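Chemist: One structure coming up, written as structure tokens, with questions to follow.
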Ligand SMILES: [Cu+2]
């Protein structure tokens, strides 16, 4: 459990970090082998990847279990709590920067590379020599690029499912906040209702997102391969969807922990960390709704 | 206060004996993890160095001599990746791990288990990266910058991308840990503006790391999907642009070069005041200069792309923004010199390396200024001039500072003095041969020799031969370094006092040498005159 040293707390040795390093390595090693497997060749990549991935899940389970136990044993004082908070905040900031790379690619494609390929600005010669019949446009009429990579496609209408998903995520941010206030006020029943509602909203977002993807692939011929439009569309919404999935799982675990009474009025970092994460996912979605779907 | 701070008993408080495996693989101790980082970085320094020896051997004479061109390209690529991500960055994290808690009066890092994970990802990441050399199709050979479409050839892409992901995860967690430690674990009385400059430099570097490593992760993820999943980020036919990769990469890449130099600034700012026996000149100016350099690093990235066909407005903006960096950097060089001015200086090995840093890094800074000039850069671009420039900044800059720091604190870590004589032998060999190695490369570049080629025009033969001789001898000189370290750790009989250097100030000198396994278990009572910057008012 580590030791309390005066004002400071230093945790005891743990095998979880080295386990984590090993399973992360196994996962990416398997993934790399799988990606390089020749068509039709069985290869061991997929198996190794699966083993690694299951290992990661077990590792998270084990590591968090030991942390939760230490937390319940009261090992974590105010200073440790602050360290955790800083860790989570800066982790979210790093996530913001990860999305920034993909938003940057989206803006660059829309503002520069596609117009240049259409003969705008300083891309005149590329246009003249290679694709003189390409009229630059974003979306269905040109987002596949001058080579029409991936074939003709239609875009997802912003005011259908995406709008519904926006409303779902926005209300989930409200419900998680209500749950947080309930936690501070000590109303366990209210916490469980509103946190449960948040989990359901997250799950329904994912359901509609999956529905939208299926429609895009089957009916609109909008795929990951649909030129730079498809690339940015699916990479941005896909990474966001992965974060919603993770966030929903984390919310569900926090719901369980609330039900077990793990949190007190002034000692509930786990709850707040997940709530912050959820708000972050929400804000990213607003950016997506704006720049991927509407504009 | 030395007694309040020390508490030298066995390393596990639970009475469980700590065997080799649990001590080194399951550690939550910043000193042990720092040691792991430093040893790992030294190992990578020699692996990356051996790749450089292959490069210099091939370039010893014109004509293809020893290796196939593809292998040569693998060597240039791997040399850079290993040195940057394996040697320089982990060395700074190791120094930070060891010294930041000691310098701010903290018992350990803020998140000790994550600290251990940050380290242990690295050996796996580099095993993955280096294993690509043995793939049937060979490893990455498109340069460390991984520009598509060249870098997308071959089957090593996935391995390299995942290795970079792992390194990024490690760096981000390490950086989060350092920020949380500095902001949350300082002993009472260690105000932000009393912190050692090294700690300040790491605080700002950690911010840079968290801001840009995810961007690199995004860039290489796009490479991965372009290669294996048919996306078109960097494919013009699909509406993308190979130049887009360069933008994203250098948005990471330029702050990355400051990630590799700001902690070096911090180290030198600790060492020079100690051996000049004067407080640092312009403490606050030093801190603000680091912060301004960090800020500017985000708005200069396209100076790596002047020759790629940027719009004119872009060329001009990035040219002037880049030149602006000379101002805070100039402040730093001025302040180091002013710190030495009128000081009662002695020249022990750390000081020799630090002074060499100030002079030789400045040469690298000046050639950087030449490269920042967009019209002139059209001539220098992708030539050996660039190679000379960034090796002055990284070898005589970052690596000299790391070596200086390691000599400076080695007695604190081991409890024994290293051999001053052999340290000086190491220094003089290094400083002479590194200039023989890199100075002629300026002339080669100005005369038109391109970088990353295994063969060259006979007109470049003489300078290449000189450079290679310098390279072999510089490489060999580093064996002296290993000898000095081994001697200090295991064989030196000369005990180091707590305050190893007469002029040294700061909390790390108030604990015994070697620093006990646990220090500052209770927050130290801080007297301002013990701090390096306790009374600095300017
Ligand atoms: Cu740069």
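Chemist: Considering each residue of the range B:232-250, count those that are without any contact (Cβ under 8 Å) to a residue 24 or more places away in the chain and not in a loop (DSSP other than H, G, I, E, B), and give that number.
Modeler: 4
Chemist: Which residues, counting only those in the range B:242-290, are more than 13 Å from the ligand (Cβ to nearest atom) and within 14 Å of chain A (Cβ to nearest Cβ)?
Modeler: Start the filter on the range B:242-290 by keeping residues that are more than 13 Å from the ligand (Cβ to nearest atom), which leaves B:242-245, B:248, B:262-290.
Result: B:242, B:243, B:244, B:245, B:248.
Chemist: So which of A:237, A:175 ends up being within 14 Å of chain B (Cβ to nearest Cβ) and closer than 30 Å to residue A:272 by Cβ?
Modeler: Criteria check complete, one pass: A:237.
Chemist: crowded, with 24+ Cβ neighbours inside 10 Å and at pLDDT below 95, is that true of residue B:139? Write out each step before concluding.
Modeler: On the way: crowded, with 24+ Cβ neighbours inside 10 Å: yes; at pLDDT below 95: yes.
For residue B:139, the condition - crowded, with 24+ Cβ neighbours inside 10 Å and at pLDDT below 95 - is met.
Chemist: May I pose another question? Checking the structure you have, find out if any residue of the range B:291-304 is within 14 Å of chain A (Cβ to nearest Cβ) and more than 16 Å from the ligand (Cβ to nearest atom).
Modeler: Scanning the range B:291-304 turns up no residue that is within 14 Å of chain A (Cβ to nearest Cβ) and more than 16 Å from the ligand (Cβ to nearest atom).
Chemist: When you go through (1) within 14 Å of another protein chain (Cβ to nearest Cβ); (2) free of Cβ contacts under 8 Å to residues at least 24 places away in the same chain; (3) within 16 Å of the ligand (Cβ to nearest atom) one by one for residue B:313, which number turns out not to apply?
Modeler: With respect to (1) within 14 Å of another protein chain (Cβ to nearest Cβ); (2) free of Cβ contacts under 8 Å to residues at least 24 places away in the same chain; (3) within 16 Å of the ligand (Cβ to nearest atom), residue B:313 is out only on (3).
Chemist: Another question about this same structure. Return only the number of the condition from (1) more than 9 Å from chain A (Cβ to nearest Cβ); (2) in a helix (DSSP H, G or I); (3) within 18 Å of the chain's Cα centre (by Cα) that residue B:151 does not satisfy.
Modeler: Tallying (1) more than 9 Å from chain A (Cβ to nearest Cβ); (2) in a helix (DSSP H, G or I); (3) within 18 Å of the chain's Cα centre (by Cα), residue B:151 fails exactly one: (3).
Chemist: How many residues does the range A:19-32 contain that are facing chain B (nearest Cβ under 7 Å) and either under 13 Å from residue A:53 (Cα atoms) or surrounded by fewer than 22 Cβ atoms within 10 Å (Cβ to Cβ) (or both)?
Modeler: Residues meeting the conditions: 7.
Chemist: Considering only residues that are in a loop (DSSP other than H, G, I, E, B) and either crowded, with 24+ Cβ neighbours inside 10 Å or at the interface with chain A (Cβ under 9 Å from one of its Cβ atoms) (or both), which ones fall in the range B:154-187? Let's see the steps before the verdict.
Modeler: Let us first name the residues in the range B:154-187 that are in a loop (DSSP other than H, G, I, E, B), namely B:154-156, B:185-187.
Those that are in a loop (DSSP other than H, G, I, E, B) and either crowded, with 24+ Cβ neighbours inside 10 Å or at the interface with chain A (Cβ under 9 Å from one of its Cβ atoms) (or both): B:155, B:156, B:185.
Chemist: Okay, moving on. Please verify whether the range B:195-212 includes one or more residues that are touching a residue at least 60 places away in the same chain (Cβ under 8 Å), at the interface with another protein chain (Cβ under 8 Å from one of its Cβ atoms) and within 16 Å of the ligand (Cβ to nearest atom). Break it down stepwise before answering.
Modeler: Initial filter on the range B:195-212 (touching a residue at least 60 places away in the same chain (Cβ under 8 Å)): B:195-202, B:204-205, B:207-208, B:211.
If we keep only those that are at the interface with another protein chain (Cβ under 8 Å from one of its Cβ atoms) as well, we get B:211.
Narrowing the set further to residues that are within 16 Å of the ligand (Cβ to nearest atom) leaves B:211.
Taking every residue of the range B:195-212 in turn, at least one turns out to be touching a residue at least 60 places away in the same chain (Cβ under 8 Å), at the interface with another protein chain (Cβ under 8 Å from one of its Cβ atoms) and within 16 Å of the ligand (Cβ to nearest atom).
Chemist: Got at least one residue in the range B:120-134 being over 27 Å from residue A:24 (Cα atoms), in contact (Cβ under 8 Å) with a residue 40 or more places away in the chain and more than 10 Å from chain A (Cβ to nearest Cβ)?
Modeler: There is no residue in the range B:120-134 that is over 27 Å from residue A:24 (Cα atoms), in contact (Cβ under 8 Å) with a residue 40 or more places away in the chain and more than 10 Å from chain A (Cβ to nearest Cβ).
Chemist: Quick one: in the range A:218-233, of everything that is in a helix (DSSP H, G or I) and within 13 Å of chain B (Cβ to nearest Cβ), which residue is nearest to residue A:106 (Cα to Cα)? Don't jump to the end; show me each part of the working.
Modeler: First, the residues of the range A:218-233 that are in a helix (DSSP H, G or I): A:218-220, A:227-233.
Cutting the leftovers down to within 13 Å of chain B (Cβ to nearest Cβ) gives us A:227-233.
Working: A:227: 12, A:228: 8, A:229: 8, A:230: 10, A:231: 9, A:232: 6, A:233: 8 Å.
Step by step, filter the range A:218-233, then rank; the result is A:232.
Chemist: Follow-up question, since we're still on this one. Taking the residues in the range A:123-166 that are farther than 22 Å from residue B:231 by Cα and within 12 Å of chain B (Cβ to nearest Cβ) as candidates, determine which candidate is surrounded by the most Cβ atoms within 10 Å (Cβ to Cβ).
Modeler: Only one residue fits best here, namely A:124.
Chemist: Given the conditions (1) within 12 Å of chain B (Cβ to nearest Cβ); (2) under 25 Å from residue B:176 (Cα atoms), report the number of the one that residue A:35 does not fulfil.
Modeler: The failed condition is (2).
Chemist: Kindly list the number of the only condition in (1) over 20 Å from residue B:370 (Cβ atoms); (2) assigned to a helix (DSSP H, G or I) that fails for residue B:347.
Modeler: For residue B:347, the exception is condition (2).
Matching residues to (1) under 30 Å from residue B:244 (Cβ atoms); (2) touching a residue at least 60 places away in the same chain (Cβ under 8 Å):
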| residue | (1), (2) |
| --- | --- |
| A:53 | no, no |
| A:59 | no, no |
| A:68 | no, yes |
| A:76 | no, yes |
| A:97 | yes, no |
| A:105 | yes, yes |
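Chemist: Please specify each residue of the range A:86-122 satisfying the condition of being more than 9 Å from chain B (Cβ to nearest Cβ) and farther than 25 Å from residue B:211 by Cα.
Modeler: A:115, A:118, A:119, A:120
Chemist: Tell me whether the range B:337-359 contains one or more residues that are within 19 Å of the chain's Cα centre (by Cα), surrounded by fewer than 21 Cβ atoms within 10 Å (Cβ to Cβ) and within 15 Å of the ligand (Cβ to nearest atom).
Modeler: no
Chemist: Among (1) farther than 28 Å from residue A:92 by Cβ; (2) free of Cβ contacts under 8 Å to residues at least 24 places away in the same chain, which single condition is residue B:229 missing?
Modeler: (1)
Chemist: Does residue A:250 fit the bill of being free of Cβ contacts under 8 Å to residues at least 40 places away in the same chain, surrounded by 18 or more Cβ atoms within 10 Å (Cβ to Cβ) and within 21 Å of residue A:61 (Cβ to Cβ)?
Modeler: Details: free of Cβ contacts under 8 Å to residues at least 40 places away in the same chain: yes; surrounded by 18 or more Cβ atoms within 10 Å (Cβ to Cβ): yes; within 21 Å of residue A:61 (Cβ to Cβ): yes.
Spelling it out, residue A:250 is indeed free of Cβ contacts under 8 Å to residues at least 40 places away in the same chain, surrounded by 18 or more Cβ atoms within 10 Å (Cβ to Cβ) and within 21 Å of residue A:61 (Cβ to Cβ).
The values are calculated or read from the model by the stated rules, or taken from the named source; none is laboratory data. Not measured: the values here are computed from a predicted model. Positions of Cβ are generated from backbone atoms using ideal geometry, with glycine treated the same way; all protein chains shown enter the neighbour counts.
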